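I have placed the structure first, in the form of structure tokens, so that the comments after it can refer back to it.
The values are calculated or read from the model by the stated rules, or taken from the named source; none is laboratory data. Note that the coordinates shown come from a computational prediction; the quantities given were computed from them, not determined experimentally. Here Cβ is always computed from backbone atoms with ideal geometry, including for glycine, and neighbour counts include all displayed protein chains. Just the protein is used for accessible areas: all its heavy atoms, side chains included, with ligands, DNA and RNA removed. Shrake-Rupley method; radii C 1.70, N 1.55, O 1.52, S 1.80 Å.
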Amino acid sequence: MYLCSVVKCDEMKKIKLYEAEDKMIDLISDNYIMLQGLGAFGIRLGFGDKMVAQVCQEQNVDCHTFLIVVNFIINGYAPKEVDEKLSVPTLLGYLRASHRFFLDFQLPTIRKNLETSLSPDDQLATLIMRIYDEYSHDIQLHMKYEEKTLFPYVEALLRGEQVSNYNVDIFAKHHGDTTGKFHELKNIIIKYLPHNVLANNRLASTLYDICNNEEWLSNHSNVEEVLFVPAIRNMERKLKNDDVSAHITSMIGRADSQEAISEREKEIIICLVQGMSNKEIANHLFISVNTVITHRRNIARKLQIRSLAGLTIYAIANNLIDRKVFQSL
């Protein structure tokens, strides 16, 4: 079911894939990086020794989707193919909550700690803050685009609505890693560490937060690219197929409603297929030309067929004329 995307195949047996029967506390104790993930899934702490499945059930989280994300972030494992059981609403909620955590808490907190750690009179410190603010601006633009464009699009798909001017490939084409400036900032701080012990400790602590968030952002980006985007492509494909099926069903329904064609209208269809003009049909059936025109409008409305070729096919399919007779016309 899973594909290894990070570790080598000969190392696969050494890595544990977490399952629904495992204790949630064991999963977190072995992988503290998932503490942020718990909050993004809406899972509250205080779950004791309960199994993953029980915690997810009690807190209304799709267990299968939770484990897919957990095993991907921790072990680098992802489904070989599109996982039909993956809950897109759950994954969407996870990504949206992750945005809120990062934009509303992590970015401001790191900035505050960084500002406290640096001397306001140091020109290099000012440049470091500028780099951080530029990065913060870029990541906010990146995430706000997803909030305003991608996520509402996915919600429309979940409602069964098709959007003609957008698809997930437009997002995927421009979606990239957002950790570049974080990496640059981290390296500058390492090179800049001051001689003052207190300032050094503060910067080291902030640097640790930056490293953690660099890893978190990388994981977040990979979850979008490897899990979320394929799931949305699958939704688009299924919705398109459903739309085609609905269209075919509608056509069949219209065909079924063709019993409403009157005997007089059938006579006019036969005359039309035989190549008669409106005047010839009127003379043949002893009716006025205006009546013929009215009948033709009704036929077109009921059958949604306006071409002579289409009426001919209809006449043959409904045994109004014999195929052999048509070939002799």
Exercise. If we scan the stretch 173-195, do we find a residue that is over 16 Å from SER98 (Cβ atoms), surrounded by 13 or more Cβ atoms within 10 Å (Cβ to Cβ) and either in contact with a His (Cβ under 7 Å, 6 or more places away or on another chain) or at pLDDT 80 or above (or both)?
Worked result: no
Exercise. Do we have ASN234 as open to solvent by 40 Å² or more (accessible area, probe 1.4 Å) and at pLDDT 70 or above here?
Worked result: no
Exercise. Which one of these does ARG159 not meet: (1) closer than 30 Å to ILE68 by Cα; (2) modelled with pLDDT of 75 or more; (3) surrounded by 15 or more Cβ atoms within 10 Å (Cβ to Cβ); (4) of a type outside the set (A, V, I, L, M, F, W, C)?
Worked result: (3)
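Checking the conditions here, which among GLU267, GLU263 is surrounded by fewer than 16 Cβ atoms within 10 Å (Cβ to Cβ) and of a type in the set (D, E, K, R)? If you could, list the steps in order and put the result at the bottom.
Details: GLU267 fails: surrounded by fewer than 16 Cβ atoms within 10 Å (Cβ to Cβ).
After ruling out the rest, the residue left standing is GLU263.
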Problem set entry | Selected residue [closer than 23 Å to LEU95 by Cα and open to solvent by less than 50 Å² (accessible area, probe 1.4 Å)] from LEU35, LEU27 | LEU27
Problem set entry | Test set (1) open to solvent by less than 20 Å² (accessible area, probe 1.4 Å); (2) not in a helix (DSSP H, G or I) - HIS99 fails condition number | (2)
Problem set entry | Residue within the stretch 121-134 that is modelled with pLDDT under 90, hydroxyl-bearing (Ser, Thr, Tyr) and loosely packed, with under 14 Cβ neighbours inside 10 Å present | yes
Problem set entry | Only one of ASN319, ASN241, ASN283 that is open to solvent by 90 Å² or more (accessible area, probe 1.4 Å), at pLDDT below 90 and among the polar types (S, T, N, Q) | ASN319
Exercise. In the stretch 68-96, which residue that is over 19 Å from ILE232 (Cα atoms) and open to solvent by 20 Å² or more (accessible area, probe 1.4 Å) is nearest to the chain's Cα centre (by Cα)?
Worked result: ILE73
